[in-house]
Amino acid sequence: MSDPIPPNLADRLPKHYSPSEVEPRRLQDWLDSNAFHSVPDSGRHPYAIVIPPPNVTGILHMGHALNNTLQDILIRHARMRGLETLWMPGTDHAGIATQNVVERSLADEGLHRNAIGREKFVRRVWEWREKYGSTIITQLKRLGCSCDWERERFTMDDGLSRAVREVFVSLYREGLIYRGRRLINWCVRCHTALSDDEVEHVEREGKLWHIRYRLKNGRGSVVVATTRPETMPGDTAVAVHPDDARYRNLVGQTAILPIMNREIPVIADAMVDPGFGSGVLKITPAHDPNDFEVGLRHDLEQITVIGPDGMMTAAAGKYSRLDRFRARDKILEDLAELKAIAQTVEHRHAVGQCYRCDSPVEPFLSEQWFVRMRPLADKAIQASKEGKLKFTPSRWERVYLSWLENVRDWCISRQIWWGHRIPVWYCGQCHEMIAALEAPAACGKCGSPNLVQDPDVLDTWFSSALWPFSTLGWPDKTPELDFYYPTEVLVTARDIIYFWVARMMMMGLHFMGEVPFRQVYINGTILDENGARMSKTKENGIDPLVMIQGGKQRRFGKEYAYDSYGADSVRYTLCTLTTDGQDIKLAPSRFEMGRNFINKMWNASRFVLIRLSETPAGGDMPKASDLSLADRWILSRLAACVAGASGQLEAFRFHEYARTVYEFAWGDFCDWYLEMAKPYLNQGGPAAGVTAGILAWTLDNILRVLHPATPFFTEEVWRLLAEVAPARGLEDIRPAEPLLIRASWPDCEAASRWRDPAIERDMDRAMNIVRAVRNIRAKFNLPPKLRLAVLVSAAKADYLESVVPLGMMIRDQAGVESLDFGVNLEKPRQTATEIIDGAQVYAPLSGLMNVEVERLRIEKELSKRLRGRDDLNRKLHNLEFLGKAPAEVVEREKARLGELMRQAGELTELRDSLES
RNA sequence: GGGCGGUUAGCUCAGUCGGUUGGAGCGCUUGCCUUACAAGCAAGAGGCCAUUGGUUCGAGUCCAAUACCGCCCACCA
């Protein structure tokens, strides 16, 4: 009735696991069987994650590898728990970044976007995206990400574009989007406005120039301090603090702006810090955010002297057409000639840089679109206060909240071509402004068909903010939106908490009336082995694809060749390194850890598979009464592992999850249980069948628990197990699920029936005896073949009760000829002794001991115990300890003291016997 | 200027509610190619838990200060 044993099984199982051979096959299988696809199913609980959409220009870096590994672990775990899981994938059009990339490729052809025009340029970007935009998606698949690839979205596809227009028009009608002439951050190189968050502040060495402005009345002068003399042509006032006694009489007077010889008023404004510089500030409303505010308060003229191209404008007089930095030099020269520079002071200050191209950002006065943030941010704050959003690690909540509390209006218009065009049209006739979902045919006010659409596009982050609901079909009321929203958890890096997390929260609450996700997990940043952020210029990056597939990579000026570690190794290693969102210092060699673990488990699997195929009746689920102590022990440990792993994953403790499984799988299963199983397997008969069944069952559960972290390897072994096991009737204990990805997570409650603290304690004692014997062998360099006759002398009878039933196991594992037990046996002559918790282990040896070495070791052990004894004695004589510590702690300490004293006594005796 | 994180073995890091003798991986030492695995097995060495003070019967763990390293925010020109 049973199928024949699979042919040549052993031949198909190489000693070295080969991820590069296995992983592509397993991936193809998953993709072919559409294993990651999810559909709304009202019979199950939803569990959705939206991917932080990588930029279409991006290629997979270690940060992505980490971030997506963690998401995949969560989603696979949830899927196995029987939830209806959707991991929504996609990419972001990344406005400025992508435009820059395509502009560079144009430049290689000697072209500029202005030369080919907007329409053609945008077409070029789409072509570029068609060609290269799926690179990162392919790479995510290779990493093993179980996204629902059928649902892949792009922030500029039709559906999402519609959502963007819908949101824009709706916010516009609510008065939450407005157009205004404001001082915004301008990137001279990208030629566009930026939001406050897109400006990076970098500390730079600079100078603070003190410049003398003559007074019009000829009575002296006033000295202002500035770091930006090139903006002087735009000065329209000089300001002092109203309470500054030094300058009180200056207020109301008129100063002469040097170089320009323009008359400007001296005003008083509380914004001026009397303690900084000279206490006098030049006011340039068109080129400084503070000055802009002062200018509004005092009704000052705004003179733009630096243009959008970074060149001085005509308003800068003789400096016009000069680059702003050349203008600075020229103005300083001229001032020096006029002897108007009172002093020059070294000054460290923060300079704003564009986050996309690093060029210095200019405050620039222009007409832009803004989102009124206060009402939206308040909703997000409210949701947090109501506990609807939980951060892990929790400290990020404060960071997030403080941004929301201090947020200013968001400049959303960009003067680039790649992005969502602002859905606003202007009437050429009556200048009416029309916001609409589709291009209107005619002006609603005057009926003129002469309409021009706003040339600007929206900030990339505007569309990303809608991602959790736009990808589910909003504004349509789709089954997906209804079922999966709100999503469960967002996994992301801390640098986009403001850009993305906060804005998704605001938009989600505003348009869906519910948080877009209940939890946010902030993963750490991957650093190189020296603790530096990875970057192209530093050549310190580690390419995950090279780690996965092997290959060459340049690092620190040298080219290195790497073997293939495999996606599982990369994933598992990253998982073990993820502790509480801490940053991760990474070196390529770290992946050896994951590789070695997987190889170890591969070999354990080989062993189980081969033995299973050789053992008649192996794989039937054994009856409880047939189980050996070893079996009951491994089942108890397994139950602990399953419960631990589940709890750790649910609490996002990735490192603890990985460690729990590692310790069980390698430590308990491989190091001990496999060895204990061998004698049973070799003995054949029913006992072998029982053992084979437990081996299969345990391996099966290890595969399930490990699957979220190492999906490829576990899926491969699962298939092999399915090939071997049905022939042995293993359907009893394994469902006939062909794909592990769809199999169920081990049932913690059912497993908990196997927990058995007594067995674990007994086995622990037995293992200590085994270790003691091995220790003796190692210490005296005994040949492995030398058979020993070992005596175990227990301090108490209950110890014997624990250990005697495990005598066979101890004998096998310690490789001893004979093993005898007793309580407080007399120490034989000429014996090696190990003192362990609760017993002495004696191994008679004649003439093999190095007495001196042994004496030194004993002295060391003894003094350690005496120290411990003294500490404990002091503690147990302390009335306060006895009075205040919990009784169980006191009891434990007493027991420990007893054991320590016993061991110290034995050691002393041992030492003395050496003397003779 | 404000905030956050870190400091534990030679290296990289864990350490959950304060309670036995503080752990892992790598590296190191010794012995093993033991029919699952040398990417391995067995045994071992290696710690003033940054410093100081406090709370507590008891502190790597809680509190305060200090030092050093790193990150974020901020309109002192």
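So the values come out like this:
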{"quantity": "Meets criteria (open to solvent by 40 Å² or more (accessible area, probe 1.4 Å) and closer than 23 Å to A:D196 by Cα) for A:V457", "calculated": "no"}
{"quantity": "For A:Q648: the one exception among (1) surrounded by fewer than 17 Cβ atoms within 10 Å (Cβ to Cβ); (2) near RNA strand B (Cβ under 10 Å from one of its atoms)", "calculated": "(1)"}
{"quantity": "Subset of the range A:790-820 that is surrounded by 15 or more Cβ atoms within 10 Å (Cβ to Cβ) and within 15 Å of A:P844 (Cβ to Cβ) - its residue that is nearest to RNA strand B (Cβ to nearest atom)", "calculated": "A:A814"}
{"quantity": "Count of residues meeting criterion [open to solvent by 50 Å² or more (accessible area, probe 1.4 Å) and more than 9 Å from RNA strand B (Cβ to nearest atom)] in the range A:607-642", "calculated": "12"}
{"quantity": "Hey, A:T833 away from RNA strand B (no atom under 12 Å from the Cβ), β-branched (V, I, T) and open to solvent by less than 20 Å² (accessible area, probe 1.4 Å) or not", "calculated": "yes"}
{"quantity": "Residue match in the range A:843-852 (condition: within 13 Å of RNA strand B (Cβ to nearest atom), under 52 Å from the mean Cα position of the chain (by Cα) and open to solvent by 40 Å² or more (accessible area, probe 1.4 Å))", "calculated": "no"}
{"quantity": "Residue within the range A:172-194 that is closer than 20 Å to A:G279 by Cα and in contact with a Lys or Arg (Cβ under 9 Å, 6 or more places away or on another chain) present", "calculated": "no"}
{"quantity": "Residue in the range A:349-358 that is more than 14 Å from RNA strand B (Cβ to nearest atom), under 19 Å from A:K207 (Cβ atoms), assigned to a strand (DSSP E or B) and not β-branched (V, I, T) present", "calculated": "no"}
{"quantity": "Test: A:N603 is within 7 Å of RNA strand B (Cβ to nearest atom), assigned to a helix (DSSP H, G or I) and touching a residue at least 24 places away in the same chain (Cβ under 8 Å)", "calculated": "yes"}
{"quantity": "Close pairs (7 angstrom Cβ cut-off, 6 or more residues apart or separate chains): closer than 19 Å to A:G898 by Cα in the range A:873-885, near RNA strand B (Cβ under 6 Å from one of its atoms) and modelled with pLDDT of 85 or more anywhere", "calculated": "A:K875/A:F881"}
{"quantity": "The range A:378-395 residues that are closer than 15 Å to A:V489 by Cβ, paired with ones that are within 16 Å of RNA strand B (Cβ to nearest atom) and open to solvent by 10 Å² or more (accessible area, probe 1.4 Å) (beta carbon under 6 Å, 6 or more apart)", "calculated": "A:F391/A:E397; A:T392/A:F652; A:P393/A:D580"}
{"quantity": "Index of the failed condition, A:L86 passing every other in (1) in contact with a Ser or Thr (Cβ under 6 Å, 6 or more places away or on another chain); (2) assigned to a helix (DSSP H, G or I)", "calculated": "(2)"}
{"quantity": "Residue count for the range A:196-232, restricted to those that are of a type in the set (S, T, N, Q) and more than 10 Å from RNA strand B (Cβ to nearest atom)", "calculated": "2"}
{"quantity": "Positions within the range A:272-312 being in a helix (DSSP H, G or I) and β-branched (V, I, T), in sequence order", "calculated": "A:V294"}
{"quantity": "Residue list for the range A:667-683, filter: surrounded by fewer than 23 Cβ atoms within 10 Å (Cβ to Cβ) and among the small types (G, A, S)", "calculated": "A:G667"}
{"quantity": "Top-ranked residue of the range A:861-906 - restricted to ones that are of a type in the set (G, A, S) and more than 8 Å from RNA strand B (Cβ to nearest atom), ranked as surrounded by the fewest Cβ atoms within 10 Å (Cβ to Cβ)", "calculated": "A:A887"}
{"quantity": "Residue pairs meeting the criteria (Cβ under 6 Å; at least 6 apart or on separate chains; first charged (D, E, K, R), in the range A:400-422; second open to solvent by 40 Å² or more (accessible area, probe 1.4 Å))", "calculated": "A:D409/A:R372"}
{"quantity": "Options A:D41, A:D32; residue that is more than 16 Å from RNA strand B (Cβ to nearest atom), over 23 Å from A:G473 (Cα atoms), surrounded by fewer than 18 Cβ atoms within 10 Å (Cβ to Cβ) and among the acidic types (D, E)", "calculated": "A:D32"}
{"quantity": "Output for the range A:547-590, where each listed residue is open to solvent by less than 10 Å² (accessible area, probe 1.4 Å), touching a strand residue (DSSP E or B) at 6+ places or on another chain (Cβ under 8 Å) and under 25 Å from A:E715 (Cα atoms)", "calculated": "A:M547, A:L574, A:T578"}
{"quantity": "Subset of the range A:473-487 [open to solvent by 10 Å² or more (accessible area, probe 1.4 Å), touching a Leu at 6+ places or on another chain (Cβ under 8 Å) and in contact (Cβ under 8 Å) with a residue 12 or more places away in the chain]", "calculated": "A:G473, A:W474, A:E480, A:L481, A:Y485"}
{"quantity": "Leading residue by the ranking (nearest to RNA strand B (Cβ to nearest atom)) among those in the range A:289-306 that are within 25 Å of A:D334 (Cα to Cα) and open to solvent by less than 50 Å² (accessible area, probe 1.4 Å)", "calculated": "A:D291"}
{"quantity": "Qualifying position, being modelled with pLDDT of 95 or more and open to solvent by 10 Å² or more (accessible area, probe 1.4 Å), among A:F511, A:F499, A:F517, A:F469", "calculated": "A:F511"}
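The values are calculated or read from the model by the stated rules, or taken from the named source; none is laboratory data. The structure displayed is predicted, hence computed values, not measured ones. Please note: Cβ atoms are built from the backbone with ideal geometry, for glycine as well, and neighbour counts cover all protein chains shown. Just the protein is used for accessible areas: all its heavy atoms, side chains included, with ligands, DNA and RNA removed. Shrake-Rupley method; radii C 1.70, N 1.55, O 1.52, S 1.80 Å.
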